[in-house]
Amino acid sequence: MSAIRLLVLGAVRQHGRAHGYQVRNDLEYWGAHEWSNAKPGSIYHALKQMAKQGLLHAHEIAPSTAGGPPRTEYEITDAGTEEYFTLLREALTSYDQKMDIKSAAIGFVVDLPRGEAVTLLKERTRRIDDWRSAVTEHYVPEEGPEQLGHIGEVMNLWIHTADAEGEWTRGLIARIEGGAYTFAGEGDPFVGVLAEDQQNPYATGESHPGDAR
């Protein structure tokens, strides 16, 4: 799975309709440029590719105030919405992932109904437990990593990672079941996007091409 697809679809969906620089600005606001491959070039490329694939609809509007070609705004399509939720559900349940995919999934978890989010996260803990069990078929944590030479440190790392992520996920489930956060269908969601004229405190400071992409 590509984290950039989930991130870009989610960002466009939150805005309703957004141009490339808005999407980039939001992802930087979320810190995604630090923990994912959501760099300017990959963001603009993803927007154009998903428009070609029918996941986004591209609207050409008046030229930007900086001049140049007409600015393009993107709107998620029905197919894009279906793809977005497919990616989100897969990312919430799959354990064997890179940090960027896991982080993106948690960032968008409130787009789901509360009950479904809990169900998906419980499936995630089940898969973590299954994966841990598969490791301990070959490695006994209680005997320490030395039993397998220095390679045992790799399995020791896997076990500690699984235990930490399982504990964190169960804590998140408890918070959600306890009423934390606003999920789909429960009222006004948390506003996690920047307004058109709102300054981004986390911007990289790089120039952008007049919002033209």
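All of the numbers you see were taken from the coordinates with simple rules; none came from a lab. Treat the numbers as computed from the prediction; the structure is a model and nothing was measured. Neighbour counts are summed over all protein chains in view; Cβ atoms, including those assigned to glycine, are modelled from backbone coordinates with ideal geometry.
Which residue, His150, Thr136, Ala174, has the largest displacement toward the positive end of the dipole of segment 125-194 when charges sit on each Cβ (Lys, Arg +1; Asp, Glu -1)? Final value for the positive-end residue is Ala174.
Dividing the Cα radius of gyration of segment 1-93 by its Kirkwood radius returns 0.97 for Rg/Rh. So for segment 73-148, averaging the separation of alpha carbon pairs under 8 Å that are six or more residues apart and normalising by length, what relative contact order in percent results? Computed value for segment 73-148: 29 percent relative contact order.
Amide hydrogen proximity for His59: with H placed 1.01 Å from N in the peptide plane, the residues at 5 or more positions away or on another chain lying under 5 Å are Glu73, Tyr74, Glu75. Modelled label positions at His59 and Glu82, each set 7 Å beyond Cα in the direction of Cβ, lie 2.3 nm from each other. Each Lys or Arg adds one and each Asp or Glu takes one away; over the other residues whose Cβ falls under 12 Å from the Cβ of Trp30, this sums to -3.
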